[in-house]
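Notes to accompany the following structure.
Please treat every number below as a calculation from the coordinates, not as lab data. Note that the structure is predicted; figures quoted are calculated from it, not measured. Backbone-built Cβ (ideal geometry, glycine too); neighbour counts: all protein chains shown.
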Amino acid sequence: MTAFDFERDLEDLRSQGLLRRRKVTDSPCSPELTVDGRSVVAFCSNDYLGLAAQPEIAEALASAARKHGVGSGASHLISGHHRLHEALETRLASFIGMERALTFSTGYMANLALITALCGRGDAVFSDQLNHASLIDACRLSRATIHRYPHRNVAALADQLAHSDAARKIVVTDAVFSMDGDIAPLPELLRLCELHDAMLIVDDAHGFGVLGDNGRGTLSHFNIAFQDAGLQASAISRVACMATLGKAAGVAGAFVAGSDKLIEWLLQKGRTYIFTTAAPPALAASVIKAIDLIEQGDDRRTRLNNLIARFRETLRPRRWRLMDSVTAIQPLVIGSNAEALHVADNLMDQGLWVPAIRPPTVPAGTARLRLSLSAAHTEAHIDRLVSALQRAESDAGA
């Protein structure tokens, strides 16, 4: 018998309700999709502002591709860094309110570069226990000593920092947690970092474009300002913010923003930046247009917040648990893998696409429906979803 018995291992996943399956979409990203040949209303996309199929962004991409071609041809540090990449980084830094930004192909690659460039053996990383997999993997690859603190528990983190004698200390957190939808206490974390001479790394994948003044993100949400003299230079140098461009921005890619010197160090030492072909220049042009729409998108954010409130006020589950979230991520904890899958399948039969999230993405016993709302949804979409969930909960408890 071979050690690589994939059939056996796949069957083990299937029996535990952990086997993942892809669905094929045939339409642009929007709440109303054609999936595997049928029409559904989707509550699974991270397109929080409804920009993914926005005509202005598509035209910016097409126009730039006609003018500048498709591929970049090389890594940024060889010959692939185009004027459009430079313009995007300047725009992102200005928009988020930091000195400089560096773009990456994905958020996963950005986190790997950032954490491994900032720490190594002999250093200490303090990571929220519910951080995204990319942050977890980056901490492991850094070879620093990893300390996991209970979710959003500032007191526990303070104790860990106080007892650490590491040469360098880095606190790592999601801003908006992708499976719970709650928000990290960033002001308290920053104060701890200043007290203990630590760096703060913030993954704002799910806050950028949605939270804060003009959608500038979770740091702005907490009035943590940099270029507005809201923080001293010592605090500016302590924060690195990563955000993705394929969620609220509706395109693809990611960036890290921070002080000029931090970004220069990342450019010199970030392996997933140095050894990767640069993204197409046309993609940068489309993101610039997306940032313009985010900045002008207060009406979209207002609409999204109204839909979130409507959903939470009308669902009111009795048997299941709607987690405490004011963001576009609304997790409904079911419990068992089998029941979560059953409910998701039942909803799909009714033309509602809601993903069931199971371990190891979430802790055992907390399988859930992860409902993602978008400014592109309508009140009718929300009401239809609520009615279907209420019937499903009633049937499950019968």
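Observations on the structure shown:
- In percent, rounded to a whole number, the relative contact order of region 55-295 is 31, using alpha-carbon pairs under 8 Å and six or more apart.
- For Trp353, the residues 5 or more places off, or on other chains, whose built amide H falls under 5 Å of its own are Val41, Ala42, Phe43.
- Each of Glu7, Glu188, Glu99 was scored by other Cβ atoms within 10 Å of its Cβ. Listed from fewest to most, they are Glu7, Glu188, Glu99.
- Under 15 Å of direct C-alpha separation, and excluding same-chain neighbours fewer than eight residues apart, Lys67 reaches these aspartates and glutamates: Glu59.
- Remark: region 199-207, residue by residue, has Karplus-estimated 3J(HN,Hα) of 8, 10, 10, 10, 9, 9, 4, 9, x Hz, where x stands for each Gly or Pro and the curve is 6.51 cos²θ - 1.76 cosθ + 1.60 at θ = phi - 60°.
- Phi-based couplings in Hz for region 323-334 (Karplus 6.51, -1.76, 1.60; Gly and Pro marked x): 6, 7, 9, 9, 9, 5, 8, 10, x, 10, 7, 9
- Here the Karplus curve 6.51 cos²θ - 1.76 cosθ + 1.60, taken at θ = phi - 60°, turns the phi angles of region 71-77 into couplings of x, 8, x, 6, 5, 4, 8 Hz, with x standing for Gly and Pro.
- In plain terms, the residue of Leu118, Leu219 with the fewest other Cβ atoms within 10 Å comes first and the most crowded comes last, giving Leu118, Leu219.
- 5 angstrom amide H check on Leu200, placed H, neighbours 5+ away: Val171, Val239, Ala240
- Sequence of Asp128, Asp36 once ranked by neighbouring C-beta atoms within 10 Å, starting from the fewest: Asp36, Asp128
- Cross-linked pairs Lys169/Lys247; Lys169/Lys269; Lys23/Lys247: Cα-Cα separations exceed 23 Å for Lys169/Lys247.
- When shorter helices are ignored and each DSSP H run of at least 4 residues is given -39500 (n - 2.57), the per-residue value for the chain at 222 nm works out to -12500 deg cm²/dmol.
- Taking every C-alpha pair closer than 8 Å and separated by at least 6 residues, the mean separation divided by the residue count of region 1-118 gives a relative contact order of 9 percent.
- Backbone amide hydrogens, once placed in the peptide plane, bring Gly217 within less than 5 Å of Gly209, Val210, Leu211, Gly212, excluding anything fewer than 5 places away on its chain.
- Whole-angstrom gap from region 171-220 to region 343-398, using each part's C-alpha centre: 27 Å
- Secondary structure note: in the chain, about 55% of the DSSP beta bridges are antiparallel.
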